[in-house]
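The values are calculated or read from the model by the stated rules, or taken from the named source; none is laboratory data. Quick caveat, the model's predicted, so the values are computed rather than measured. Every residue, glycine among them, receives a Cβ derived from its backbone with ideal geometry; neighbour counts consider all protein chains shown. Just the protein is used for accessible areas: all its heavy atoms, side chains included, with ligands, DNA and RNA removed. Shrake-Rupley method; radii C 1.70, N 1.55, O 1.52, S 1.80 Å.
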Amino acid sequence: METHLHNHEAPDRGTRQQPPSELPIRFAKGVGPKRAKLFEKLGILTIEDALWHIPWRYEDRSTILPIRHLTAGTCGTISGTIHSSTLLQTRRLGMTMLKVIVQDETGSLEVIFFNQPYLKTMLTLGAGVIMSGMVAQASRGRTGLQLRSPSFEVVEHGQDRSLHVGRLVPIYHETRGLTSRHIRRIANELLAQSPPVLEDVLPPSIRARYHFPALPEAVGHLHFPPQHWDLTALNQGTTLAHRRLSFEECFLFQLALGIRRHTHREDKPGIAFSIPTTMLSTLHSLFPFQLTAAQERVIKDIQDDMVRPHPMNRLIQGDVGSGKTLVALSAMIIACGSGYQAALMAPTEILAEQHALTMNQPLAQLGLRALVLKGSMSAKDRREALASIQSGKTQIIIGTHALLQQQVEFFKLGLVVVDEQHKFGVLQRATLQSKSQHPDTLVMTATPIPRTLAMTAYGDLDVSVIDSLPPGRQPIQTQLYRKSGRKQAYALVHDQIQAGHQAYVVYPLVDESEHVDLESAIQAADRLQTKEFPTHQVGLLHGRMKSAEKFSLMEAFRQGAIHILVSTTIVEVGLDVPNATVMLIEHAERFGLAQLHQLRGRVGRGTVPSLCLLISDSVKGAQSKPIQQDMLPLSYPHSPGLEIRPTPLQSAQQRLQAMVDYSDGFAIAEKDLQIRGPGEFLGVRQWGLPTFRVTDLLRDRAILEHARTEALALIERDPHLLHPDHRALKTAMFRRWGSAFNLGSVG
Ligand code: ADP
Ligand code: MG
């Protein structure tokens, strides 16, 4: 074919079949080895990457105004040549001002740039420029108009001028030495090739269903949009062409996940448990309530997984207080019913103890033995526990990270449950799993991961959601107070205690060794006991206490002997004391949104209304109006570094306001995602979030959902993508995600 690629230079990995799109970028016309290095900096290695490097914004340069027709207070684009260029030191120390005079046939205009002295080397005498910006009246009594720090581009008066002016012009992410102008030219060359460099891999039926344009057309339009296209939609990345690209990206991603999951299921032998129906119904009858429909549904999902001869890999998402413990217990009973052991790992000793407390009695009734394994045990207790685990005498093992230690050997481990999964790393889960051959695995989290992220982060897990709370729960009212309003907050605490309820008072503890924070919790406990609540019992719980002390303190709180529990954040996860109805959080601005929601989840667990009182001086006080959508700028694709994110102060305010406005964990998580962006949310690395080229997980979540549905349907029909119609798709999928997902080769 007649291409503009330098095909005579043999590409190094070059095979005959290698499509032009996969060629290294240095083979594109206008890109030599030197410029290829610059492209690499932008993550562009191949020709395909370059074409997928779509503009992050566009400028309407369709109307170039004669300088004479500019008016102050409007936006204008001009085209002219540099007539003079002077670098000045301003009177304010260290400031520079570059003053440039630009001329066209109708007049001249002053343009100034502050503190960008290096621009002088670009804006040289006689250079042709396009400049866009707000037109202002020149300052200090001088007449004439001025452009201040406009966006600009140096253009040559060559033939390709039409790429840079007189149209909707693409602006790319650039790197030093590689400007939008360069990229525009190269994109233009690549797009001009016939046949098109890019191949459309989407199945035609899908393309038709969504009315998607063909890929080459979509890409072409994104680089050089037709004049009538909506500039706003282009800049927001919401045109059909954008969605076409995003869909493809998500679709390939979901295909890869689906195929990996499919192979895992088929390849790995696992345990086919039988369901001990009688034991299960006995278990459920031992609790003084009925399972919620959501709990029933999730237990059913688990049963279906566990009877299959392949390992279960299921994530249970359920908001705080939705009743995950009983679901986990049911799964553990299934494992034990078939003669296996089950291990439950929790992030804190307090939580492990609490689980044991909840489970011991029903387990004993079923003739099963449980024990708790934790870091702080006497050598003798530990030895006995380990022996009992190894001999199989104990069927249910509840523990902390201590379970991961090498000395812990199981007799016959069939099920691994990880509670509050977000507190553990992926590796820790793997370590526990490795204590047996392909055990079934259940991970539980109350950190409500927005669906979009769950789909990507947990794509290889099956997800069940406990989407309703047990009946009779009352909504928790959340209020913001400044420190000066603390008295009012205490009054509310007082009322609740008078009514026979209990309260938590939480202080932030960034790090267990942080002395100052601990001091403030200790002092607060003291002050609360002696000054504010002298007739009630105040207790103090913190991370440096001995395990036994913590345990007996928690017991006292559980029994109601302690009315106010002052604590550091170790009460954050899992605690379940339904009589506690107030959660008062000091320095609330220092907590993340997910953490605040977890803390708030410690109350509202019974059938009386509860309160969450947030104290912080970072906020202007309680506001009842919801957060404005437009306060939260969406990120641009391709611009991880350039996303406009709120300052810490704004974001603290937004977080606290979100707590007031929303009670549902999923709504909170969506807000968190908006405030922090997907990169920050929970940490990309921990969740192994993929990086997308075009897709913005916030903006494009609907697309992601559609892509997932389509991908799953396709895998259902053609699990190995063997149909000839799917060949190109398969190749593209492997190219894009094969190594990331360890899928082997196309084969
Ligand atoms: P989480 O999902 O936060 O782990 P838990 O399992 O600790 O929630 O349950 C929260 C509280 O709800 C516990 O006190 C538990 O006994 C109670 N609970 C669980 N299931 C039900 C139900 N179906 N009906 C009423 N209360 C329930
Ligand atoms: Mg729990």
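Worth a mention:
- Filtered residues of segment 266-288 (kept if touching a Leu at 6+ places or on another chain (Cβ under 9 Å) and open to solvent by 30 Å² or more (accessible area, probe 1.4 Å)): MET279, THR282, HIS284, LEU286, PHE287
- Residue count for segment 331-360, restricted to those that are closer than 25 Å to GLN437 by Cα, surrounded by fewer than 22 Cβ atoms within 10 Å (Cβ to Cβ) and either more than 11 Å from ligand 2 (Cβ to nearest atom) or of a type in the set (Phe, Trp, Tyr) (or both): 3
- Check on SER468, crowded, with 21+ Cβ neighbours inside 10 Å and modelled with pLDDT of 85 or more: no
- Residue within segment 308-329 that is at pLDDT 90 or above, away from ligand 2 (no atom under 12 Å from the Cβ) and among the β-branched types (Val, Ile, Thr) present: no
- Checked against the criteria, THR568 does not count as within 16 Å of ligand 1 (Cβ to nearest atom), touching a Pro at 6+ places or on another chain (Cβ under 9 Å) and over 18 Å from THR445 (Cβ atoms).
- Selection count, segment 586-597, where residues are under 19 Å from GLY321 (Cα atoms) and crowded, with 24+ Cβ neighbours inside 10 Å: 2
- For THR456: the one exception among (1) surrounded by fewer than 21 Cβ atoms within 10 Å (Cβ to Cβ); (2) at pLDDT below 90: (1)
- Among the residues making up segment 476-490, a single one is open to solvent by 50 Å² or more (accessible area, probe 1.4 Å) and either acidic (Asp, Glu) or closer than 20 Å to GLY604 by Cβ (or both): GLN477.
- Selection count where residues are within 9 Å of ligand 1 (Cβ to nearest atom) and assigned to a helix (DSSP H, G or I), scope segment 306-328: 5
- When segment 291-305 is filtered for residues that are more than 13 Å from ligand 1 (Cβ to nearest atom) and either assigned by TED's automatic domain parsing to the domain that holds THR263 or in contact (Cβ under 8 Å) with a residue 60 or more places away in the chain (or both), the ones remaining, listed by number, are ASP301, ILE302, ASP305.
- Scanning segment 471-498 for residues that are under 30 Å from GLN295 (Cβ atoms), part of a loop (DSSP other than H, G, I, E, B) and at pLDDT 85 or above turns up just one, PRO471.
- If you go through segment 300-328 and keep only what is touching a helix residue (DSSP H, G or I) at 6+ places or on another chain (Cβ under 6 Å), over 17 Å from GLN433 (Cβ atoms) and open to solvent by less than 10 Å² (accessible area, probe 1.4 Å), you end up with GLY318, VAL327.
- Residue in segment 149-166 that is touching a Leu at 6+ places or on another chain (Cβ under 6 Å), open to solvent by 40 Å² or more (accessible area, probe 1.4 Å) and assigned to a helix (DSSP H, G or I) present: no
- Exclusive hit being in a loop (DSSP other than H, G, I, E, B) and either away from ligand 2 (no atom under 16 Å from the Cβ) or crowded, with 19+ Cβ neighbours inside 10 Å (or both), set GLN406, GLN428: GLN406
- Single unsatisfied condition, GLY270 versus (1) in contact with a strand residue (DSSP E or B) (Cβ under 6 Å, 6 or more places away or on another chain); (2) away from ligand 1 (no atom under 16 Å from the Cβ); (3) in a loop (DSSP other than H, G, I, E, B): (1)
- Which numbered condition THR263 misses (of (1) assigned to a loop (DSSP other than H, G, I, E, B); (2) open to solvent by 10 Å² or more (accessible area, probe 1.4 Å)): (1)
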